[in-house]
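Structure, as structure tokens:
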């Protein structure tokens, strides 16, 4: 009993632990529902590309001493513009163009980060560190949670139309491209905010895994969103506790906990039929 | 506007690549038009242009109001977790306030529409778990909620059970009586005879007019080419088409 209480209280005793728990809770609450839409709209590849493509922006911001959020925003814009430009060449095609641009961006980011005059921060940018979040990061996560919830609530009906029947969307006055762009915009902001806690490579876990975990088990859109949010929070909290008890890297522990949940959700038999 | 739909010298396609040309027809309110042609003949392209999703490459189209469009149900995503009533409710989106939850009046309209297609008992059922014919009827209910003057239906009877087909055919009659214009695409020559007008497409418009004038052997052969077998039994030209389904 005492051991269990000790286990539960341990991370809460330090400011670092409390902040990390708050960060993963805020991020999970918004990224879980967002993950449901990313997977429903078949935008997983775009999500991955976006997350990895903004690395040079992060590195430049870290070098210049600017807020990482600013760097992430710039990185997203440059990456999106390059992908759009390269994808226009029909001989290449959008998927290949995205692959080439994203690999190029990732390489450029690593090159900048590994230059001798760069401070040792590449690891943090790639893998994140929820134990190192500042008050400003928490404020950013809170703003993201509120703005993200409002955006998803406002876009709920157009998103549903596009997810169910993209070919019928135009006749219902729903602009497919605009809806997808809005979702990708929210995703870009989410990546920019979550990258501090989870890193450029691991952030994908919270933006895809919750949706995969609940996909076969929830029977309504609202249920799926709520379950994905709850699962993302639970995965984040579990990762932080694991990191405290096992001394493992916090960001990686969160990503692993979420991936295990996704695996479990995909593997567990469904209740229905 | 006196006509429901009017096309004049229309050419249409994707990204500047023309897949359909020479389309000219007019459909008055309260009339039905069968859009006949093989797969890849331009039926869906014509509908996308009428909906406004594709701009005309040449010529003009006029549609009275925003048309309702019922796509083939196999193009819908069956793993998306929505109920039949939710889908019918999507028909109220063009009425404004898309950023807010549906109103009580929208909900009533959706319930009425489901009743009209004979599915009020399935309102809570998950869309992806209904039969093909029931899903088609739910999409029709969505079009009813939209309350459009012009309805475009893409192969609504393909792969549909006989009970659903009967229900859908009866509904077409009702909608026509209400003064709405119906454009129904099909590759089934025999069902084309039940419409007021037929337009034959195979990458261009080959004929337009009442079925008895249009559905002759020469036109059908031009429309379907080698994909058709003409049945010779002394009466009017009867044809069976050999379909290769595209996915």
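Every read-out reported here was derived from the displayed coordinates using simple, explicitly stated rules and does not represent laboratory data. The model shown is predicted, which means the values in this text are computed figures rather than measured ones. Note: ideal-geometry Cβ built from the backbone for every residue, glycine included; neighbour counts use all protein chains shown.
Based on alpha carbons, the Rg and Dmax found for the stretch A:210-254 are 12.7, 39 Å. For B:168, A:240, the sequence from fewest to most other C-beta atoms within 10 Å is B:168, A:240.
Assign one of three labels to the stretch A:1-60, namely rounded, prolate or oblate, based on the Cα gyration tensor with a ≥ b ≥ c the square roots of its eigenvalues; rounded applies when a/c is under 1.5, prolate when it is not and a/b is larger than b/c, and oblate otherwise. The shape class here is oblate. Specify whether the C-alpha gyration tensor of the stretch A:31-170 places it in the rounded, prolate or oblate class, a ≥ b ≥ c being the square roots of the eigenvalues: rounded for a/c under 1.5, otherwise prolate if a/b is larger than b/c and oblate if not. Oblate, since a/c reaches 1.5 and b/c is not below a/b. Computed on the stretch B:57-140, the Cα convex hull volume stands at 140 Å³ per residue. Distances between every pair of Cα atoms in the stretch A:134-201, grouped in 10 Å steps from 0 to the bin holding the largest one, split as 20, 41, 25, 13, 2 percent. Just so you know, the Rg over Rh for the stretch B:147-214 is 0.96, from Cα atoms, with Rh as the Kirkwood radius. For the stretch B:9-55, with equal point scatterers placed on the C-alpha atoms only and solvent neglected, what are the log10 I(q)/I(0) values from the Debye formula at q = 0.18, 0.25 1/Å, to two decimals? So the normalised log intensities work out to -0.57, -1.03. Each listed q (0.14, 0.16, 0.17 Å⁻¹) maps to a log10 I(q)/I(0) for the stretch A:153-273 from the Debye sum over equal C-alpha point scatterers, namely -0.70, -0.87, -0.95. Relative to the longest principal axis of the Cα atoms of chain B, the long axis of helix B:104-116 lies at roughly 50 degrees. The angle between the Cα long axis of helix B:162-177 and the longest principal axis of the Cα atoms of chain B comes to about 90 degrees, rounded to the nearest 10. Compute the Cα gyration tensor for the stretch B:56-102, then decide on rounded, prolate or oblate, letting a ≥ b ≥ c be the square roots of its eigenvalues: rounded whenever a/c is under 1.5, prolate when a/b is larger than b/c in the other cases, and oblate in all that remain. Note, shape of the stretch B:56-102 comes out oblate. Across all directions, the shadow cast by the convex hull of the protein assembly as shown built on its C-alpha atoms averages 28.7 square nanometres. Annotation: the stretch A:2-267 has a Kirkwood hydrodynamic radius of 18.9 angstrom, from the mean reciprocal C-alpha pair distance. For the stretch B:1-93, the convex hull spanned by the alpha carbon atoms encloses 134 Å³ per residue.
As a calculated quantity, the FRET efficiency between residue B:188 and residue B:17 at R0 = 41 Å, using C-beta atoms, amounts to about 0.90.
Applying D = kT/(6 pi eta Rh) to chain B, where Rh is the Kirkwood radius over alpha-carbon pairs, T corresponds to 37 °C and eta to 0.692 mPa s, the Stokes-Einstein value obtained is 176 µm²/s. The ranking of A:45, B:69 from fewest to most other beta carbons within 10 Å of each one's beta carbon is A:45, B:69.
Counted over all Cα-Cα pairs of the stretch A:195-235, pairs farther apart than 15 Å make up 40 percent.
Sort B:8, A:137 by Cβ crowding within 10 Å, fewest neighbours at the top. Lowest to highest Cβ neighbour count: B:8, A:137.
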